[in-house]
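Here is the structure we will look at, set down as structure tokens.
The values are calculated or read from the model by the stated rules, or taken from the named source; none is laboratory data. These numbers come from a predicted model, not from an experiment. Positions of Cβ are backbone-derived with ideal geometry, glycine not excepted, and every protein chain shown enters the neighbour counts. All accessible areas refer to the heavy atoms of the entire protein, side chains included, with ligands and DNA or RNA removed. Shrake-Rupley method; radii C 1.70, N 1.55, O 1.52, S 1.80 Å.
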Amino acid sequence: MANMIEIAKMARVSLGTVSHVLNDSARVREPLRRRVLEAVQAAGYQPSQLARGLRRDKTNMIGMIIPDITNPFFPAVVRGAEDVAFSNGYRLILCNTDNDHSKELVHLNQLRTYLPMGLIVIPSKFSDLTTQAESYRKAGTGVVCIDRLPRNWSGDSVTADNEEGAYNATRCLLQLGHKHLATITGPLHLTNAQDRLDGFKRALRQAKLHLAPEYVQETTFDKQGGYSKTMILLRLIPRPTAIFAGNDMIALGTLLALREAGLRCPEDISIMGFDDLDLAEMTNPSLSSVYQPGYQLGTNAAQILVDRVQGDAGPAKHIVLETSLKLRHSVARPSKQSGTPLAILKTRRKAKASPAKINT
């Protein structure tokens, strides 16, 4: 690959002229500028972003750290951030932490060596980014936390209105006539999981319904967690007639557990999720869920960074995006058999399915 010295020879200009054209660091007469660009194209020259960053103290890169690349919610968030970054001349570097704080710290330390112009972080479990974020900010690099916030976070942030979304979902179940509700939350040290639990509890308080501790099950934001905690809820008496899942992946595990237990959704138990993933329309029955705008989480975060680079030195921004309820076939009014203990329900259905004996 050609270097800048060869480009200067091809264009018959000085090395300084080539540098000014490529870095837009000084005005260059149009004939000379055109010769440099023609030589660059002919030689297939690609400037080193790292070298540029060393000269400018920043590269055109935005680092983005997410907790679980296998969770279907996060690709839309990444796509939103990448679209805004790309349209403004920046490139996105993606890192996955597997919800491991030690791995998160490794990414944070290594990304610093790339001299990024900004950083977007969806914190891992037990994350406290205050020290790391402060070192980035001192170096002139903006940091935005999205979806969930670290402890004591005071910097730029973009989140969904998790509490209001959970509150509206729970109110919907109550208005359908459900009185025995349970919830399977995500890890409660994460702010989004705690906010959703707070919304669930607020709706029950307003309805003057008591919530026993065993009807709140905490797990990981995945299908396996939803499955195992649903199995616990199914053994409770009275059995819940509706379950509010902390996200759609938990809800998928709940649907699987009901199927294996011989229960029907929504005839025996209604299920409500959170996120409104594309697959919510493809489950059987289709999953009712709280929609949160993942794409807009990403676009807003990237736009904050672009604005900071362009001179916005104002106070920290805290953007909260609205959620909405998407009702499908996984919720319904409680039926007569709703809440019947699992053992009794299985016995009844077994008897009903058995052919009648004929005495001879």
### Query
When the scattering of the stretch 117-200 is computed by the Debye formula from its Cα atoms alone, each counted once and equally, what is log10 I(q)/I(0) at q = 0.12, 0.25 Å⁻¹?
-0.45, -1.15
### Helix axis angle, 162-175 relative to the chain longest principal axis, alpha carbon, degrees
20
### Query
Per the helix-only calculation at 222 nm, which mean residue ellipticity applies to the chain, given -39500 (n - 2.57) for every DSSP H run of n ≥ 4 and division by its residues, nearest 500 deg cm²/dmol?
-13500 deg cm²/dmol
### Cross-link pairs beyond the 32 Å C-alpha cut-off, checked among 229/326; 103/138; 179/317
179/317
### Message
Of the listed values [x] 125; [y] 175; [z] 165, identify the label whose number matches volume of the Cα convex hull per residue in Å³ calculated from this model.
### Response
[y]
### Query
Placing +1 at every Lys and Arg Cβ and -1 at every Asp and Glu Cβ, with all other atoms neutral, what dipole size does the chain have around its Cα centre, in debye to the nearest 20?
740
### Hits among aspartates and glutamates - C-alpha to C-alpha of residue 201 under 18 Å, sequence gap 8 or more where chains match
161, 163, 164, 214, 218
### Accessible surface of the chain [probe 1.4 Å, protein heavy atoms]: carbon and sulfur percent
53
### Task
Please find the FRET efficiency linking residue 224 to residue 138, where r is the Cβ-Cβ separation and R0 is fixed at 56 Å, and quote it to the nearest 0.05.
0.85
### Query
Which peptide among 307-320, 238-251, 28-41 comes first, and what is the full order, when sorted by highest mean count of other Cβ atoms within 10 Å?
238-251, 28-41, 307-320
